[in-house]
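Before any comments, here is the structure.
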Amino acid sequence: MTHARKNHRPKSILAGLLLAATALTGCGADDINRKYQGTYTLDLQLDTGAKQSEGALDVGFNVYNDDDAFITMNKLQCSLAATYANITEPGAEGGKVEYEDLRDVRPDQIHACPVPAELGENLWLDFRLGKGRVQNSQLTIDYSGTVVRGTYEEVNAGQGTRVGSFGYTFLGDEVEAP
């Protein structure tokens with residue numbers, strides 16, 4: 001079942017939801033199910049001016065096939081996928097530093113994630129660059145990309161209108177998963 005986690009984007013909303021639900025149920029011996037609680041900050045630079053949103057956020061975190069991560073942010077109605085790796089590097093004092101690296105963060109199942117409603121209607125986050133890191137039971141994520149305007153169908157088909165850019169960060173601590 002883990003072969004369905006590759007970068008294929010379904011053509012319909014129903015297919016996307018089904019694939020996301022399948023991924024979230026976790027099927028396989030190599031799943032890592034974690035939960036992080038923390039805060040996010042979203043900075044939008046729109047053609048109409050700057051807007052910002054911040055607040056508390058719970059993030060679900062799973063790893064599949066040892067190298068694919070799935071990040072779920074329910075409050076923001078967004079799920080992201082990333083390439084996952086365990087890294088060991090030389091430390092500052094001659095020791096070793098171990099952390100989990102997230103690269104190539106991208107929206108999963110849909111082309112873009114919705115902007116919180118209080119910041120505008122029909123605005124979507126189109127993720128371009130992203131990275132993350134898990135170290136000492138703390139998850140940090142840093143994304144950037146473009147903001148597009150349009151309906152879900154227009155944006156998913158790549159036909160939205162670019163109206164600005166965004167920066168997004170999350171910092172959270174691991175908590176016991178239910």
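The values are calculated or read from the model by the stated rules, or taken from the named source; none is laboratory data. The structure presented is a predicted model; accordingly, all values stated were derived computationally and were not measured. Positions of Cβ are generated from backbone atoms using ideal geometry, with glycine treated the same way; all protein chains shown enter the neighbour counts. In case anyone asks, the SASA skips ligands and DNA or RNA and just uses the protein heavy atoms, side chains included. Shrake-Rupley method; radii C 1.70, N 1.55, O 1.52, S 1.80 Å.
A few points about this structure:
- Condition check for Ala50: more than 19 Å from Val148 (Cβ to Cβ) and either touching a Pro at 6+ places or on another chain (Cβ under 9 Å) or among the small types (Gly, Ala, Ser) (or both): no
- In the stretch 95-114, residue surrounded by the most Cβ atoms within 10 Å (Cβ to Cβ) [restricted to those that are of a type outside the set (A, V, I, L, M, F, W, C) and within 19 Å of Lys35 (Cβ to Cβ)]: Asp108
- Within the stretch 128-145, the set of residues being farther than 21 Å from Ala56 by Cα and either surrounded by 20 or more Cβ atoms within 10 Å (Cβ to Cβ) or not aliphatic (A, V, I, L, M) (or both) comprises Arg128, Gly145.
- Residue within the stretch 48-55 that is touching a residue at least 24 places away in the same chain (Cβ under 8 Å), closer than 13 Å to Phe170 by Cα and open to solvent by less than 20 Å² (accessible area, probe 1.4 Å) present: yes
- Residue that is open to solvent by 40 Å² or more (accessible area, probe 1.4 Å) and within 17 Å of Tyr40 (Cα to Cα), where the choices are Ala117, Ala92, Ala157: Ala117
Per-residue answers, yes or no, for (1) of a type outside the set (Lys, Arg); (2) touching a helix residue (DSSP H, G or I) at 6+ places or on another chain (Cβ under 7 Å); (3) in contact (Cβ under 8 Å) with a residue 40 or more places away in the chain; (4) under 18 Å from Leu57 (Cα atoms):
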site	(1), (2), (3), (4)
Glu100	yes, no, no, no
Val115	yes, no, yes, yes
Trp124	yes, yes, no, no
Thr151	yes, no, no, no
